[in-house]
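Below is one structure; the comments refer to it alone.
The values are calculated or read from the model by the stated rules, or taken from the named source; none is laboratory data. Not measured: the values here are computed from a predicted model. Quick reminder, even Gly has a Cβ in these numbers, built from the backbone with ideal geometry, and neighbours come from all protein chains shown. Surface areas here come from the heavy atoms of the whole protein model, side chains and all, with no ligands, DNA or RNA. Shrake-Rupley method; radii C 1.70, N 1.55, O 1.52, S 1.80 Å.
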Amino acid sequence: MDDYPLLNLFLTMLEFFLFVVWFFLLFKIITDIFRSHDLGGWGKAGWSVLIIVLPFLGVFIYLIARGKGMASRDVEQARAADAAFKAYIKDAAATPGSNGVTDNHVEDLAKLVDLRAQGAITEVEFQKAKDKLLA
C-alpha cells in the first residue's frame, strides 16, 4: 500500500464509480425500452440488439433519440403507482358490514364531521355517533 499513490487511489475509485453508473444507465435504458408503449415488438428488439451489440454507441443514440420520453414514462409510472396505492388504502379502510355491504368508516366519519361543522348535530351527538361507529 505504500507504493500506491493517493492520486491512483482516487482515479481507481472514480473508475469504479463510473463503471457502476454505466451499468445503472444501461439497465435503466433496457427497462425503459420494455416499458415503452409506443414501441412495437420490432422496435424493442432493434433497440435491445443495438444496446447489447454496441453498448456505448447504442446508449448514447437512445439517450439522444428517446431521452425526453424517458422522464415522461417515469412520471406516468409514478402516477400509476400512486393511484394504485391510494385505491388500496381506500379499499383497506372499507370493512365488510353485517349485511354483506361494505361500510366505509372513513366516509362515515367525514360525514359526521361535516354535520358537526354545519351545526346539524351537537358535540355530544357527534361523540356518541363516533363511538358507535368505531365500536
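Here are the numbers for this structure:
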| quantity | calculated |
| --- | --- |
| Where a residue in the stretch 30-44 is in contact (Cβ under 8 Å) with a residue 12 or more places away in the chain and its partner, wherever it lies, is surrounded by 16 or more Cβ atoms within 10 Å (Cβ to Cβ) and in a helix (DSSP H, G or I), with Cβ under 7 Å and at least six apart | 30/51; 32/70; 32/73; 33/47; 35/73; 36/73 |
| Every residue from the stretch 77-95 that is within 9 Å of the chain's Cα centre (by Cα) and open to solvent by 80 Å² or more (accessible area, probe 1.4 Å) | 77, 79 |
| Pairs, first farther than 20 Å from residue 130 by Cβ in the stretch 80-107, second at pLDDT below 65, C-beta under 6 Å, six or more apart | 96/102 |
| Neighbours by Cβ (under 8 Å, 6+ apart or cross-chain): first from the stretch 1-22, more than 30 Å from residue 63 (Cβ to Cβ); second open to solvent by 100 Å² or more (accessible area, probe 1.4 Å) | none |
| Qualifying positions in the stretch 24-48 - among the hydrophobic types (A, V, I, L, M, F, W, C), over 21 Å from the mean Cα position of the chain (by Cα) and in a helix (DSSP H, G or I) | 42, 45, 47 |
| So residue 68, is it part of a helix (DSSP H, G or I), modelled with pLDDT under 90 and either over 30 Å from residue 135 (Cα atoms) or under 13 Å from the mean Cα position of the chain (by Cα) (or both) | yes |
| One residue from 36, 48 being modelled with pLDDT under 90 and polar (S, T, N, Q) | 36 |
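For every residue, the table says whether it meets (1) over 16 Å from residue 65 (Cα atoms); (2) open to solvent by less than 100 Å² (accessible area, probe 1.4 Å).
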| residue | (1), (2) |
| --- | --- |
| 11 | yes, yes |
| 15 | yes, no |
| 19 | yes, no |
| 25 | no, yes |
| 33 | no, yes |
| 38 | no, no |
| 41 | yes, yes |
| 48 | no, yes |
